[in-house]
Amino acid sequence: PITAFNRISDEDIRVHSNIYDPDFVAVVDETLLHTVDVTAGLKKEGAIIVNTAKSKEEIMPQLNGYEGRVVTIDARTISEEALGKYFPNSPMLAAVVATTGVMPKETFLHEMRASYKHKFAKKPEVIDGNMKALEMAFAAVEEA
């Protein structure tokens with residue numbers, strides 16, 4: 001299992017350490033629900049976003065009584081439909097942005113297109129698929 005931390009703020013961030021009381025948690029691999037306490041310290045005012053084909057009700061027993069918002073997103077199906085392969089990163093990122101409201105959808109999509117144009121300069125054919133995956137994930141969270 002891999003744990004990664006990100007801090008997002010309008011102000012300078014001077015703390016460089018683990019996050020023990022997160023506002024949000026994104027679980028890219030649902031098998032971690034069986035081995036890691038993914039809700040440890042998670043604020044009930046926040047949310048957990050889980051990559052799974054299961055419903056919120058199906059995974060709730062694995063969330064140690066967490067009382068906050070639970071968002072499920074099937075990043076596998078989205079990425080396979082949009083990209084032809086299982087690459088969960090784009091749909092999961094969109095699900096996090098949609099859940100947290102850290103930035104408006106249109107700003108996010110604009111910035112991601114610019115990022116993909118740079119990242120995939122030698123493979124421009126993957127840009128549209130990644131953009132489709134972002135849109136699909138946003139729609140899935142908005143419907144939830």
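Take the conditions touching a Lys or Arg at 6+ places or on another chain (Cβ under 9 Å), within 21 Å of M131 (Cα to Cα), assigned to a strand (DSSP E or B) and free of Cβ contacts under 8 Å to residues at least 60 places away in the same chain and apply them to V50. Does it pass? Please lay out each step first, then the result.
Values: touching a Lys or Arg at 6+ places or on another chain (Cβ under 9 Å): yes; within 21 Å of M131 (Cα to Cα): yes; assigned to a strand (DSSP E or B): yes; free of Cβ contacts under 8 Å to residues at least 60 places away in the same chain: yes.
Answer is yes for this residue.
Which residues, counting only those in the range 48-99, are touching an Asp or Glu at 6+ places or on another chain (Cβ under 8 Å), within 27 Å of D21 (Cβ to Cβ) and small (G, A, S)? Across the range 48-99, the qualifying residues are G68, A94, A98. Scanning the range 111-138 for residues that are over 13 Å from G84 (Cα atoms), at pLDDT 95 or above and small (G, A, S) turns up A114, S115, A137. Only a single item in (1) modelled with pLDDT under 95; (2) open to solvent by less than 60 Å² (accessible area, probe 1.4 Å); (3) closer than 14 Å to N64 by Cα; (4) in a loop (DSSP other than H, G, I, E, B) is not met by L42, and it is number (1). Within the range 89-123, the residues that satisfy the criterion of being within 17 Å of the chain's Cα centre (by Cα) and not in a helix (DSSP H, G or I) are G101, V102, M103, P104.
Taking the options Y86, Y20, Y66, name whichever one is in a loop (DSSP other than H, G, I, E, B) and without any contact (Cβ under 8 Å) to a residue 12 or more places away in the chain.
It is Y86.
Among the residues examined, V28 does not qualify as farther than 17 Å from V102 by Cβ, open to solvent by 40 Å² or more (accessible area, probe 1.4 Å) and modelled with pLDDT under 95. Looking across the range 48-70, the residues that are crowded, with 19+ Cβ neighbours inside 10 Å and either under 11 Å from the mean Cα position of the chain (by Cα) or of a type in the set (K, R) (or both) come down to I48, I49, V50, N51.
The values are calculated or read from the model by the stated rules, or taken from the named source; none is laboratory data. Remember, predicted model here, so these are calculated numbers, not experimental data. Note that each Cβ is placed from the backbone with ideal geometry, even for glycine, and that neighbours are counted across all protein chains shown. Each accessible area value is taken on the protein alone, full model and side chains, heavy atoms only, with ligands, DNA and RNA left out. Shrake-Rupley method; radii C 1.70, N 1.55, O 1.52, S 1.80 Å.
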